[in-house]
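The values are calculated or read from the model by the stated rules, or taken from the named source; none is laboratory data. These figures come from a predicted structure and were not determined experimentally. Cβ sites come from the backbone with ideal geometry, for glycine too, and all protein chains shown count toward neighbours.
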Amino acid sequence: MIETVLETEGLTKYYGSTLAVDHLDLKIPQGCICGFVGRNGAGKTTAIKLMLGLLRPTAGSSRLLGCDSQQLKPAIRQRIGYVTEGHRLFRWMSIAELEKFQRSFFPKQWDDKFFADMIEYFNLPRRRKIKHLSNGERAQVSLALALAPNPELLIMDDPTLGLDAAIRRQFLEGMIELIMRQGRTVLFSSHILGDVERVSDRIVVIDKGVLRANCSLEEFRAAVKKVILSFADSTPAEVDIDGLLHCRRSEKELELILVSTTDDHIGKWADRTGAERYHIVKMNLEDQFIEFTAPPGRKKLFRWEEI
Ligand code: ATP
C-alpha cells in the first residue's frame, strides 16, 4: 500500500489581514517527485514553512511522515531534508567544515560516500568558504547537505532560483538520484515549469493560497486544453461547454481554455454550435499553467476580448 508522507487538513495562514494559505487539503503519496507551483505570492513558501512546523497555522493542521508538523520530534526531523529559498548556509564555514557540522546531526545516517560523490560531481572546492562560492555552487552544496543523510522526504523551496540552465539540470539530476533510492519523496517549488515537466510525476498548483490541482503530471497535461473554433459568420452568443475556464472571442473565432473536457465532447459541442472547424492547440506545461492560473477577465493585448 502506498503511504501518504505529507498531509494537510484545512491548513490556513493569515499574516495580519493577508490570507496567504487558504484551507489547504493536500495529500502527497510516498515515492513521487512533486512539483509545487503557483504564481508569485501564491503561498508556496508559507505552506512549506507550515508543513515543516516553522510557522504556526492560523487554523488547520499538517502532518509529515505521520507526525504533526507542530510537534516534529528530532527523530522525525532527521528523516526530512529541507532546502530553503536562497540556500542560507553559514557563510564563514568552508564546505568541509559545513559537512562536518551537518554530519554531527545525523551520526547514524550520514552517507560520506554519497556526499563526496556529489561534491565531485558538482566539481566543488571543498576548502572554499561558503561566502566565496557563487549562487549556483551554494545551491549545489545545499543539495549535497540535504541528500547526504538520505532523507525519506525532501522538501525544497525554489531550490534552483537564479541558477543557469546547465547547473539547474545537474541539480535536478542530483534530486533524481535521491528518488532512485526506493520510497523517497520530493516536494519542490519552482517557477520553471520546464523543470517541473522534466522531473516531476506529480503536480500541486496553488493560487492565492487555494489548492487548484493535486494530481499526476500526466492527468494535468491531459486535462488542460486550449481549443480554437472558427465560425463562418459570427461566434455563438452563449458558450455553455462543460469545463470552461476562460473564453476569449474575436469576430469569427473563439478561444476556449477547458479543464477535463474530453475531445469527443469538444467535437460534439463544435458540431452543435455550427463551428466551421476547430483545433485543439498543443500546449507545454508552462502554457497550461499560465492559462490555468490566469485571472478571469485578463485581456490580451491584441485581437482577443474576454467575455
Ligand atoms: P513567491 O513565488 O513570490 O516566492 P510564494 O508563493 O512563496 O511567492 P509566499 O511567500 O508564501 O508566496 O507569500 C504568500 C502571501 O503572503 C503574499 O501575499 C505575501 O505578500 C504574504 N506574506 C508572506 N510572508 C509574509 C509576512 N511575513 N508578513 C506579511 N505577509 C507575508
| task | Starting from residues that are small (Gly, Ala, Ser) and at pLDDT 90 or above, keep the ones in region 59-80 and report whichever is farthest from Ala148 (Cα to Cα). | result | Ala59
| note | For region 1-20, pairs from a residue that is closer than 13 Å to Leu65 by Cα to a residue that is charged (D, E, K, R), with Cβ under 6 Å and 6 or more apart or across chains, are Thr4/Lys27; Glu7/Lys27; Glu7/Arg63
| query | Out of region 48-76, which residues are of a type outside the set (A, V, I, L, M, F, W, C), within 22 Å of the chain's Cα centre (by Cα) and either surrounded by 14 or more Cβ atoms within 10 Å (Cβ to Cβ) or not assigned by TED's automatic domain parsing to the domain that holds Trp110 (or both)? | reply | Lys49, Gly53, Pro57, Gly60, Ser61, Ser62, Arg63, Ser69
| Among the numbered criteria (1) within 24 Å of Ile48 (Cβ to Cβ); (2) without any contact (Cβ under 8 Å) to a residue 40 or more places away in the chain; (3) assigned to a strand (DSSP E or B), which single criterion is violated by Leu256? | (1)
| From the residues in region 206-221 that are among the aliphatic types (A, V, I, L, M) and either touching a Leu at 6+ places or on another chain (Cβ under 9 Å) or at pLDDT 95 or above (or both), which one is nearest to His191 (Cα to Cα)? | Ile206
| task | Collect the residues in region 1-15 that are at pLDDT 95 or above and surrounded by fewer than 21 Cβ atoms within 10 Å (Cβ to Cβ), keeping them in residue-number order. | result | Glu7, Glu9, Gly10, Thr12, Tyr14, Tyr15
| Hey, any hits in region 95-116 for a residue that's among the β-branched types (Val, Ile, Thr), buried (at least 18 other Cβ atoms within 10 Å of the Cβ) and in contact with a Ser or Thr (Cβ under 7 Å, 6 or more places away or on another chain)? | no
| request: Just one of (1) surrounded by fewer than 20 Cβ atoms within 10 Å (Cβ to Cβ); (2) within 16 Å of the ligand (Cβ to nearest atom) trips up Cys34, so point out which. | output: (1)
| query | With region 72-161 as the region, which helices (runs of 4 or more DSSP H) entirely inside it contain at least 1 residues that are within 16 Å of the ligand (Cβ to nearest atom)? | reply | 135-147
| message | Pull out all pairs, ordered by first then second residue, where Cβ-Cβ is under 6 Å, the residues are six or more apart or on different chains, the first lies in region 27-43 and is part of a strand (DSSP E or B), and the second is within 15 Å of the ligand (Cβ to nearest atom) and of a type in the set (D, E, K, R). | response | Phe36/Lys44
| query | Does Gly53 satisfy being within 16 Å of the ligand (Cβ to nearest atom), farther than 23 Å from Ala166 by Cβ and part of a loop (DSSP other than H, G, I, E, B)? | reply | yes
| Flag for Arg63 being among the basic types (Lys, Arg) and either within 19 Å of Ile179 (Cα to Cα) or assigned to a loop (DSSP other than H, G, I, E, B) (or both) | no
| Can you name every residue in region 173-207 that is β-branched (Val, Ile, Thr), within 16 Å of Thr160 (Cα to Cα), away from the ligand (no atom under 16 Å from the Cβ) and assigned to a helix (DSSP H, G or I)? | Ile176, Val199
| request: Please work out if Glu137 is within 25 Å of Ala165 (Cβ to Cβ), touching a Phe, Trp or Tyr at 6+ places or on another chain (Cβ under 9 Å) and acidic (Asp, Glu). | output: yes
| Residue list for region 14-31, filter: near the ligand (Cβ under 9 Å from one of its atoms) and either closer than 20 Å to Asp158 by Cα or among the acidic types (Asp, Glu) (or both) | Ala20, Val21
| Are any of the residues in region 225-243 closer than 19 Å to Leu64 by Cα, more than 16 Å from the ligand (Cβ to nearest atom) and at pLDDT below 90? | no
| said: When you scan region 156-168, do you find a residue that is on the phi > 0 side of the Ramachandran plot and modelled with pLDDT of 85 or more, even just one? | reply: yes
